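Participant: Below you will find the structure I want to go over with you.
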Amino acid sequence: MSAVSLEPLSFKIKDDEKTWNVEYDIAKGSISGTEDKPQEGEQQLSSMSFRRYLLQLHKARGYPNEEVNVRSIWAVFVDAMSFTMCFWGISGVVMWWQIKRTRPIGTALLALSVALAGVIGYVMWIEMIS
């Protein structure tokens, strides 16, 4: 039997006027919160850096439950783009396979690509767990 480490869950709650940093300690069953005040020179959440904006777009997932809004339109575009990219890749492999003289070099490049993707995936996994 192994011991399980339960890290506190941290998240932000926003009401009409303020934002709160909340921490829920699962092991103790306690909850605590502090008001999230912008640091010196930092503006409120209404302004977001371009990097953070791109990260939020990248991390956004799922469809909103009730209303159709910009986020649900974004989700449709992301799904359509992923379908298009998969179709593009599969159709490219089918077209490549039809040209017999390019099969040997294409097979080598495809194998190299799969190997490189595996190495990059493994290195990213190592970085994430450390």
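The values are calculated or read from the model by the stated rules, or taken from the named source; none is laboratory data. Keep in mind that this is a model prediction, so the values were computed, not measured. Side chains are part of the model used for accessible areas, which takes the heavy atoms of the whole protein and leaves out ligands, DNA and RNA. Shrake-Rupley method; radii C 1.70, N 1.55, O 1.52, S 1.80 Å.
Participant: Could you tell me the relative contact order of the chain? Use alpha-carbon pairs under 8 Å, at least six residues apart, and round to a whole percent.
Facilitator: With pairs under 8 Å counted, the relative contact order is 9 percent.
Participant: Another one. So with the 1.4 Å probe, I'd like the accessible area per residue for the chain, rounded to whole Å².
Facilitator: Each residue of the chain exposes 93 Å² on average to a 1.4 Å probe.
Participant: Sticking with this structure for a sec: What lysines could a cross-link reach from K14, if we take a straight Cα to Cα line under 21 Å and drop same-chain neighbours fewer than 8 places away?
Facilitator: Answer for K14, where 21 Å is the Cα cut-off: K37, K59, listed by chain and number.
Participant: Another question, then. From the Cα gyration tensor of region 53-117, with a ≥ b ≥ c the square roots of its eigenvalues, which class applies: rounded if a/c is under 1.5, or else prolate if a/b is larger than b/c, or else oblate?
Facilitator: Prolate is the answer for region 53-117, as a/c is 1.5 or above and a/b outweighs b/c.
Participant: What is the percent carbon and sulfur in the accessible area of the chain, measuring with a 1.4 Å probe over the protein chains and ignoring ligands?
Facilitator: Answer for the chain is 64 percent, counting heavy atoms of protein chains only.
Participant: Please work out which option in (i) 1.13; (ii) 0.92; (iii) 0.94 gives Rg/Rh (Cα atoms, Kirkwood Rh) calculated from these coordinates, and answer with its label.
Facilitator: (i)
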